[in-house]
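Let me begin by presenting the structure, written as structure tokens, before commenting on it.
Readers should treat all values here as calculations from the given coordinates under stated rules, not as data from a laboratory. The structure presented is a predicted model; accordingly, all values stated were derived computationally and were not measured. We place every Cβ from the backbone using ideal geometry, glycine too, and count neighbours over all the protein chains shown.
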Amino acid sequence: MNIVSSIRSTSSRALVALTAVILAGAPAGLSAQDSTGTGPTVVLTLGEAVRLAARQAPTAEAGRYRAAEARARVTQARSALLPDLSADATRNGRTFNTATFGIPFPGFNPYGQVLGPVILTDLRARGRMNLLDLSAFARVRAARTAAEAGSLDAQAAAENAASQAAGAYLRALRADAQLRARAEDSTLAAELLGIAREQLRAGTGTALDVTRAQSQSAGVRAQLIAARSDRARTRLELLRALGLPLDSRLELSDSLERLLPGDSVPTAEAATERALANRPDVRAAEEQLRAAKLNVKAIQAERLPTIGAFGDQGVIGPRNDHLLNTYDWGIQLSVPIFDGFRREGRIEEQRAVSNEADVRRRDLRAQAGVEVRSALLDIGSAREQVDAARERLRLAEQEVSQARERFAAGVGGNADVVTAALGLTAARNQLLDALTLFQSARVSLARAEGSATSIQ
């Protein structure tokens with residue numbers, strides 16, 4: 001009974017000491033729970049984190065700006081089909097050399113003489129518009145298709161940002177769970193050290209048992225310090241992935257134990273079909289291929305005649321109080337004849353761009369299929385690993401309990417307890433790895449299907 005009471009009091013003191021160690025060893029601004037700084041507290045689930053990253057992560061924002069650039073190019077291409085209007089006002093003086101007229105005028109020096117200056121005021125409005133330009137129409141369609149591809153690229157960037165944030169969130173969850181596991185290891189190590197010292201004082205233990213327990217406690221404390229540092233680092237990585245200030249305090253609402261492996265896993269065929277229909281990068285590649293083909297047609301259409309209208313109207317005269325109205329207007333038919341094969345070279349270049357886009361599209365479709373199947377394989381493997389790791393953890397806890405009882409009763413040394421404790425640590429790590437692998441595979445499947453922003 002004295003040994004049991006000693007065990008309980010030692011365990012209680014170890015828990016108090018462990019809490020003090022965790023709090024004292026935390027970086028400035030950290031608590032023992034979930035935080036990374038002195039800024040505002042942000043409480044997030046996994047689903048909330050991925051959607052926040054899709055909205056405000058730097059890569060997602062950059063993708064939206066690239067989409068805006070593509071939409072602006074549509075406006076630029078459409079300008080070829082709209083009127084081009086301008087106005088100008090000039091006041092100028094000019095002198096003439098009569099010899100430049102090429103005609104000898106009576107009374108003037110046949111070698112030329114200067115006339116003027118002639119002062120003129122000219123107020124004029126001008127306009128031009130293409131009435132028929134099939135190439136311009138094709139360029140507008142190509143620009144619109146490219147803009148749609150740009151919007152899909154922005155969605156793909158958001159998906160990537162969401163999946164990266166999900167990975168960072170899972171690493172942070174693993175770091176939390178690892179810190180808790182090392183805290184439990186520290187509690188056990190402190191308890192065993194207390195038992196060894198009590199037995200040494202009672203004359204039933206040896207100094208070797210105390211030294212061995214001290215070595216075990218020091219090793220676990222080093223692991224606890226490393227786990228605490230890893231936890232802080234993963235919090236910083238998550239803040240960056242979410243686009244949040246680095247002094248924000250994060251509280252993670254989910255855990256690796258949530259959403260454990262279920263029975264409903266899609267077939268590879270169904271998941272691949274969803275991926276090809278939903279993935280924005282695959283759809284963007286298809287739109288980029290369409291845009292490249294439309295650019296070929298636009299260049300080919302430059303061989304066709306174009307019809308345009310032009311005109312200007314204004315007033316001109318030597319004095320502002322005596323300006324006369326003049327105008328100029330017309331219809332222009334332009335027929336391209338020969339441009340030194342420059343157009344043919346552009347067509348050849350654009351066809352190569354189209355072929356490259358087609359290769360990229362086919363590769364992305366194949367990549368989508370590989371990623372879906374790999375994620376499904378990882379989910380199946382992770383489910384089995386979680387079951388095996390839990391069984392190993394149950395047996396490791398049972399082994400530690402039995403070895404500790406033998407050591408406390410004085411019928412065995414603490415070498416068996418230390419060995420069992422090391423096995424328990426390995427079992428806990430294996431379970432964390434298996435749970436992380438399953439959750440990562442779940443995220444990978446969502447990313448492969450193009451639904452990372454819909455993760456719950």
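Based on DSSP H assignment, which helices of the chain show an axial Cα extent of at least 27 Å together with a mean Kyte-Doolittle hydropathy greater than or equal to 0.5?
TM-like helix candidates: 2-25, 415-448.
Taking the range 221-319, which GluC sites (Glu not before Pro) meet the DSSP loop condition and have no more than 15 other C-beta atoms within 10 Å?
Passing both the DSSP loop test and the Cβ count: Glu257.
Obtain the nm distance between the two label points defined at Gln456 and Gln76 by a simple spin-label model: each point lies 7 Å from its Cα along the Cα-to-C-beta direction.
Distance between the two pseudo-spin positions: 4.5 nm.
Restricting attention to the range 223-259, which trypsin sites (Lys or Arg not before Pro) occupy a DSSP loop and are surrounded by at most 16 other Cβ atoms within 10 Å?
Answer by residue number: Arg258.
Can you compute the label reach from Asn97? Point 7 Å from Cα along the Cβ direction, backbone N cut-off under 13 Å, restricted to the range 106-145.
111-115
With +1 on each Lys and Arg Cβ and -1 on each Asp and Glu Cβ, and nothing else charged, work out how big the dipole of the range 2-454 is about its Cα centre, in Debye to the nearest 20.
520
Which order do Ile316, Ile195, Ile331, Ile103 fall in if you start with the one that has the fewest other Cβ atoms within 10 Å?
Ordered from fewest to most neighbouring Cβ atoms within 10 Å, Ile316, Ile195, Ile331, Ile103 come out as Ile103, Ile331, Ile316, Ile195.
Report the one residue of Ala142, Ala168, Thr272 whose Cα lies farthest in the direction of the positive end of the charge dipole of the chain (charges on C-beta: Lys and Arg +1, Asp and Glu -1; origin at the Cα centre).
It is Ala142.
State which stretch of the chain is the longest one without any exposed chymotrypsin sites (Phe, Trp or Tyr not before Pro), exposure meaning a DSSP loop state and at most 11 other Cβ atoms within 10 Å.
Answer - 112-337.
Taking the Cα centroid of the range 192-243 and of the range 295-311, what is the distance between the two, rounded to the nearest whole Å?
Cα centroid of the range 192-243 versus Cα centroid of the range 295-311: 78 Å apart.
For the chain, report the translational diffusion coefficient in µm²/s to the nearest whole number, using Stokes-Einstein at 10 °C, 1.306 mPa s, and a Kirkwood Rh over Cα pairs.
54
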